[in-house]
Amino acid sequence: MRCWAEIDLAALERNLALIRKSLPSGVRLISVVKADAYGHGIHPTATRLMQTGVDTFAVANVKEAADIREMGSGWPILVLGPLLAEEDQALLDYDLTAALSSQEELERFQALARKENQEISVHLKIDTGMGRLGVWWENALSLIEAIKQAPEIKLCGILTHFAQPSDSGFTKEQRKRFLSIIEQAKLEDEPSFLIHADNSSSLRSFENNSLFNAVRIGLLQFGIASPRGSLLGGLEVEPVLSFHSKLAMVKELPKGTSLSYDRQYTLKRDSRIGIISAGYGDAIPLHCGNRSNGLIQGQSYPLIGRVTMDQTLIDLTDSRDEIQLGEKVTLVGKQDSREILLSTLAEDAGTIPWELLCSITKRVPRIYRTKRE
Ligand SMILES: *Cc1c(COP(=O)(O)O)cnc(C)c1O
């Protein structure tokens, strides 16, 4: 293999257990596995999550939802994104729950449910300040009334989404708007009715015995801790994914030589340059050249020059021992006592962990470690 991602499903399982243990009792865990389980691969990931005991899955669209449903019945699957009209039928075919945002969707779902003589389950999504999906909170009550008048539609939950969890003032305002709707709407008070807002980085809604009884966890379960303070911010989750490649060539180049496209790096000394057999065509972000490092034999070496589609350059001049061709290069993960976090690589590259995970391409085989320690 020229490069590969290692995915430690036992670590995923331990993270889940840790998260669950840290949540107040009775709070349901909605595992967010959109975008191929954040690049980890939906089938192995969701299978392990099913064994681990998540309560509900959430995905972005009906295609992703159908993939999970085909793995087994029994788990509620919430589709977070809006459905295109031609996708509505999938709600019934795959027994899915939709996040409903508008009167127009309600009417479509009602018509379908009537035609098929079945019920359609929804969570109502409220826009409290994200400015994206959801009914604007000031218009929510009339939509709730309309849902209550629709016998074909089963309202199973209500949610909102925070725009900037790091801004506690704005988040507090969003939470207040959300709770005011719930209080005015006199929603059903049964434990199976889910009230949720928090994602990995905003788990603060559980202070003061609030009404919330579910969380939507994406990034955190994959072991990428929230950088900002939050209820679960201090959790010692373990990275699930690591990314490795191999050293394909080593060469000596004289001082003054410029490297790679656009000649963004010029050697300041006679140097030994390694060529790693992976580039942005795999997962190494374009903008991490001259910023990030790679680990070889437990030592850290700087990536230099611009990352290219298939190769990345690494400065091995300071290596004491000879490094053999074919040696493993770790770009995310651990070697001995050193570790490169995915969030560090993302920051070096000027992006966010979510995007970096989504940019691991098809060319990268995913190798699964399944063994429990
Ligand atoms: C992706 C997503 C989440 C999960 O967010 P993380 O920060 O990855 O935990 C939660 N809610 C909605 C609506 C989402 O789209």
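The values are calculated or read from the model by the stated rules, or taken from the named source; none is laboratory data. Quick caveat: nothing in here was measured; it's all calculated off a predicted structure. Here the Cβ positions follow ideal geometry from the backbone for every residue, glycine too, while neighbour counts run over all protein chains shown.
The residue that is farthest from SER292 (Cα to Cα), among those in the range 333-355 that are surrounded by fewer than 18 Cβ atoms within 10 Å (Cβ to Cβ) and touching a helix residue (DSSP H, G or I) at 6+ places or on another chain (Cβ under 6 Å), is ILE352.
Of the residues in the range 140-153, at least one is under 24 Å from ASP55 (Cα atoms) and either within 13 Å of the ligand (Cβ to nearest atom) or touching a strand residue (DSSP E or B) at 6+ places or on another chain (Cβ under 6 Å) (or both).
How many residues does the range 1-36 hold that are without any contact (Cβ under 8 Å) to a residue 24 or more places away in the chain and not charged (D, E, K, R)? Qualifying residue count for the region: 1. Scanning the range 231-259 for residues that are closer than 30 Å to HIS40 by Cβ and assigned to a loop (DSSP other than H, G, I, E, B) returns LEU231, LEU232, GLY233, GLY234, LEU235, GLU236, VAL237, GLU238, PRO239, VAL240. Scanning the range 15-38 for residues that are outside any helix (DSSP H, G or I), more than 12 Å from the ligand (Cβ to nearest atom) and either at pLDDT 95 or above or aliphatic (A, V, I, L, M) (or both) turns up LEU23, VAL27.
Residue count for the range 183-201 satisfying the condition of being touching a residue at least 40 places away in the same chain (Cβ under 8 Å) and more than 16 Å from the ligand (Cβ to nearest atom): 4. Residues that are crowded, with 19+ Cβ neighbours inside 10 Å and of a type in the set (A, V, I, L, M, F, W, C) within the range 249-274 comprise LEU259, ILE273, listed in sequence order.
Residues in the range 94-124 that are in contact (Cβ under 8 Å) with a residue 24 or more places away in the chain, farther than 14 Å from ALA146 by Cα and either surrounded by fewer than 17 Cβ atoms within 10 Å (Cβ to Cβ) or more than 16 Å from the ligand (Cβ to nearest atom) (or both): TYR94, ASP95, LEU112, ALA113, ARG114, GLU116, GLN118, GLU119, ILE120, SER121. If you go through the range 67-90 and keep only what is buried (at least 19 other Cβ atoms within 10 Å of the Cβ), among the aliphatic types (A, V, I, L, M) and more than 12 Å from the ligand (Cβ to nearest atom), you end up with ILE68, ILE77, LEU83, ALA90. Looking only at the range 51-60, decide whether some residue is in a helix (DSSP H, G or I), away from the ligand (no atom under 16 Å from the Cβ) and not charged (D, E, K, R). Yes; the residues of the range 51-60 include at least one that is in a helix (DSSP H, G or I), away from the ligand (no atom under 16 Å from the Cβ) and not charged (D, E, K, R).
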